[in-house]
Every structure is written in C-alpha cells, then in structure tokens.
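> My questions will all concern the structure given below.
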Amino acid sequence: MKHTCPAGKGTLSSLDGVRGAVDEILYAFLQQKATEAGGVLPREVTDLLGGFLRAGGKRLRPLICVMGWRAASDTVRPIPASVVNVAAALEMFHAFALIHDDIMDDSATRRGHPTLHRELALRHRQGRERRHPVAAEQAARRAGESCAILIGDIALCWSDELLHTAGLSPDQLARTLGLVDLMRTELVYGQYLDVTRSQQPNTAITLVGTLQTIRYKTAKYTIERPLHIGASLAGADKALMQAMSAFALPLGEAFQLRDDLLGAFGSPAHTGKPNLDDLREGKHTALIALALQSARPAEKQILNALYGNPCLEEEGAAQVRTAIRSAGADRQTEEMIQHLYDRAQAALEALPVPEVVRHQLRDLAERCVWRTE
C-alpha cells in the first residue's frame with residue numbers, strides 16, 4: 001500500500017512543513033496498522049510506538065534526507081510525496097534504534113518520559129508485588145525489555161515497509177536500497193563498538209577508539225547517510241556524494257561530541273534524559289579519553305574509582321565532573337567541536353549546491369553543534 005503526503009497533497013513547497021508531514025505519515029501508518037490488526041493482534045503495540053514517536057524528537061534525519069534531495073535537484077520543484085515518505089521511513093528506523101539503545105543502556109527516561117522498556121515493566125509489575133515482590137520485579141523487568149525489543153523490531157520492519165511503499169521509481173529504489181542497507185549496517189557496527197568498549201576498563205579508553213565509534217554510530221548514521229539517501233533520490237553523482245561526505249562527517253562528529261558534553265554536564269530539564277547515565281555506564285567518550293590523558297594523579301584516581309560505577313549518585317558525579325573540568329577535558333572537547341565545525345563549514349562553502357540549500361545546511365550545522373538539548 002502506498003503512503004502519501006497528508007491532505008491528499010502530492011508535494012510540499014518547502015522544508016517548513018516537512019516535519020509535520022513526516023509525523024502525519026507516521027501516525028496515519030500506525031493507525032492503518034491498528035485497524036488492520038482487527039482485534040486479533042495487540043493494539044498496545046501501535047499505541048506504544050505511536051506514543052514514543054509523539055513524545056518528541058528533532059526529526060533530524062528526515063529533514064537532512066529532504067535537504068539531500070533539494071541539494072541534488074532543481075529547488076524550484078516542490079518536494080515530492082515519495083521523498084517525504086522515504087524521510088518518514090528513516091524516522092521509523094530511528095525509533096527502532098532508540099528503543100533498542102535505551103534497553104542496552106538501561107536508560108530510565110527518553111525525551112522527558114519513561115523509556116519504553118521501563119514503562120512496559122511498570123505495566124507488567126502492577127498488581128503482582130504483594131505475593132512475591134522480588135520475583136515480580138525481575139519478571140516485570142524481563143517482560144518489559146522483551147516487549148520493548150519486539151516493538152523495536154516491528155519498527156524496523158515497518159521502516160522497510162514505508163520505504164518500499166514510498167512511491168519510488170524502480171531506478172530510485174535501486175539507488176536508495178544500497179545506501180539504506182549500508183546505513184543500517186554502519187549503525188549496528190558503531191553500536192556494537194560502543195557496547196563492547198564500555199565493558200572494558202577505563203584504562204582502555206583511547207581518543208582514537210572513541211572517534212571510531214563516533215564515526216559509525218553517529219556521524220554516518222545521523223548526517224552522512226540521510227543526506228546521501230535524499231541526494232540519491234534526485235540522481236546525485238559520485239562527485240556530489242563525496243563532497244557531501246566532506247561536510248557531513250565532521251558535522252556528525254561534532255554533533256556527538258556535543259552530545260557527550262550534554263551527557264555529563266547537561267540539564268535533564270533541557271535534554272529530557274538523566275545526566276548520570278553516561279557516567280554510571282562508563283561510556284568510552286572522547287571527553288573521558290581527554291580527561292584521562294590530561295588528568296593529574298588525584299583526578300585520575302577519582303575518574304578510575306567513580307566513572308563507570310553503576311551505583312554512582314549525584315555527590316560522586318559532582319566529583320567526576322570536577323575532575324573532568326580540572327583536567328581541561330571540557331575545554332579540549334569544545335575546541336575539537338569548533339575545529340570540526342570549521343571543517344564542515346569550509347566543505348559546505350565548496351559544496352556545489354544552490355545557495356538556498358547551502359543556507360539551510362548552514363542553519364542545520366549551527367543547530368546541531370551549538371544546541372543545549
């Protein structure tokens with residue numbers, strides 16, 4: 001079944017309405033799936049996935065996908081419904097990635113709300129605590145994680161369905177599928193690096209290793225591949241794709257470095273997630289790699305003792321943050337962000353795209369790098 005832009009429109013005139021159009025496509029798709037279930041399949045699957053999508057999010061990847069299309073096409077033309085449908089498929093895939101990421105990180109909140117596996121655990125625990133409270137807690141946790149994994153899996157399946165029913169020509173679909181497959185593989189590879197390296201001791205944290213994880217988990221997945229996918233829909237050649245990569249990769253790396261700073265120092269009221277999770281998990285980030293490189297013995301002792309402690313509370317977290325600042329790692333990370341941002345800007349100025357698209361990409365870069373949430 002082909003999913004079209006809302007209100008029967010075949011095109012959109014500008015980027016301004018892309019986010020709203022993507023949301024309407026996703027919500028209509030989930031409503032259709034709920035109707036097709038016919039009371040046989042659990043309605044809560046579509047309800048929970050819809051609630052997850054409605055809870056917020058920047059819709060960054062869909063916007064970048066549409067920018068890629070505009071960069072490689074005649075910008076006078078309105079944005080086709082098929083391109084916006086592909087953009088919606090990327091957001092559905094992102095839902096899959098976030099749901100699974102929250103389980104792996106055992107995160108409590110996402111976008112200011114309980115994570116999906118925590119919400120499901122609460123549902124399964126209610127009314128069972130009186131008889132066997134410990135067993136009920138363990139069973140509810142397993143059930144919550146298992147059901148969230150399955151909802152993430154179905155989001156992955158449905159992202160594929162949205163892509164294949166987007167209304168693409170055979171040539172467009174052939175050009176795009178390889179990039180989508182590559183994006184998915186790179187993301188999983190980067191996530192695998194993140195998980196396995198976080199199990200290693202702090203002494204194994206290196207700047208080279210953290211930057212490799214960033215390249216695959218974030219830079220390619222968040223910026224480069226969505227830009228490539230959109231450009232491929234407009235028939236972009238290899239030279240344009242390479243020029244886009246020169247802009248996208250440093251921007252994506254700067255985006256993740258900002259995320260690392262917000263994970264340690266950001267306000268939960270602004271970010272929508274705790275600022276203890278990364279510290280408790282002991283994530284191998286560039287921020288911590290730089291801190292360990294520059295720390296004095298007393299600071300290094302604090303970092304080795306407390307960073308990665310799953311029971312870390314705010315008092316200990318304050319000590320970790322002080323040690324990071326005393327080592328100058330926050331300042332060094334800001335300098336890296338500025339350097340990467342400057343590289344992305346230089347590549348953008350050389351990018352052979354219409355000036356209106358260059359302006360949109362410049363605005364995107366500023367919002368990615370200098371954000372507070």
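Every residue, every condition in (1) closer than 25 Å to residue 98 by Cα; (2) at pLDDT 95 or above; (3) in contact with a Phe, Trp or Tyr (Cβ under 7 Å, 6 or more places away or on another chain); (4) of a type in the set (Gly, Ala, Ser), yes or no:
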| position | (1), (2), (3), (4) |
| --- | --- |
| 180 | yes, yes, no, no |
| 187 | yes, yes, yes, no |
| 197 | yes, no, no, no |
| 200 | yes, no, no, no |
| 204 | no, no, no, yes |
| 222 | yes, yes, yes, no |
| 226 | yes, yes, no, no |
| 230 | yes, yes, yes, yes |
| 233 | no, yes, yes, no |
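> Say we look at segment 244-278 and pick out the residues that are surrounded by 24 or more Cβ atoms within 10 Å (Cβ to Cβ) and more than 18 Å from the chain's Cα centre (by Cα); which of these is farthest from residue 326 (Cα to Cα)?
The selected residue is 244.
> Right, another one. Can you pull out the residues in segment 164-219 that are within 17 Å of residue 241 (Cα to Cα) and touching a His at 6+ places or on another chain (Cβ under 7 Å)?
Across segment 164-219, the qualifying residue is only 179.
> Quick one: which helices (runs of 4 or more DSSP H) sit completely within segment 312-373 and have at least 2 residues that are at pLDDT 95 or above, within 25 Å of the chain's Cα centre (by Cα) and among the charged types (D, E, K, R)?
Values: elements: 314-326, 329-350, 355-369.
Passing ranges, in order: 329-350.
> Still on this structure, please answer the following. So how many residues does segment 35-60 have that are farther than 19 Å from residue 120 by Cα and among the basic types (Lys, Arg)?
The total comes to 2.
> Return yes or no: is residue 181 surrounded by 17 or more Cβ atoms within 10 Å (Cβ to Cβ) and in a helix (DSSP H, G or I)?
no
> Shifting gears a bit: Name every residue in segment 209-254 that is free of Cβ contacts under 8 Å to residues at least 24 places away in the same chain, among the polar types (S, T, N, Q) and under 19 Å from residue 181 (Cα atoms), in order of residue number.
Residues satisfying the conditions are 242, 245.
> Conditions first: (1) out of contact with any Ser or Thr (no Cβ under 9 Å at 6 or more places or on another chain); (2) surrounded by 15 or more Cβ atoms within 10 Å (Cβ to Cβ); (3) within 23 Å of residue 198 (Cα to Cα). Residue 318 passes all but one, so which condition is the exception?
That leaves (2) as the condition not met.
> I've got another one for you. Say whether the condition of being at pLDDT 90 or above, closer than 25 Å to residue 216 by Cβ, outside the structural domain of residue 279 (by TED's automatic domain parsing) and outside any helix (DSSP H, G or I) is met by at least one residue in segment 139-146.
No, because not a single residue in segment 139-146 is at pLDDT 90 or above, closer than 25 Å to residue 216 by Cβ, outside the structural domain of residue 279 (by TED's automatic domain parsing) and outside any helix (DSSP H, G or I).
> Looking for something hydroxyl-bearing (Ser, Thr, Tyr), surrounded by fewer than 18 Cβ atoms within 10 Å (Cβ to Cβ) and in the same structural domain as residue 224 (by TED's automatic domain parsing) - is there at least one such residue anywhere in segment 329-346?
No, the conditions are met nowhere in segment 329-346.
> Among 97, 143, which is among the small types (Gly, Ala, Ser), free of Cβ contacts under 8 Å to residues at least 24 places away in the same chain and either in contact with a Cys (Cβ under 8 Å, 6 or more places away or on another chain) or closer than 29 Å to residue 268 by Cβ (or both)?
143
> What number goes with the only condition from (1) touching a residue at least 12 places away in the same chain (Cβ under 8 Å); (2) assigned by TED's automatic domain parsing to the domain that holds residue 72 that residue 195 does not pass?
Only one criterion in (1) touching a residue at least 12 places away in the same chain (Cβ under 8 Å); (2) assigned by TED's automatic domain parsing to the domain that holds residue 72 is unmet by residue 195, namely (2).
> Within segment 13-22, which residues are over 20 Å from the mean Cα position of the chain (by Cα) and surrounded by fewer than 14 Cβ atoms within 10 Å (Cβ to Cβ)?
Passing the criteria: 13, 14, 16.
The values are calculated or read from the model by the stated rules, or taken from the named source; none is laboratory data. Model, not experiment: these values are computed from the prediction. When we count neighbours, we look across all protein chains shown, and the Cβ atoms used for this are built from the backbone with ideal geometry, even at glycine.
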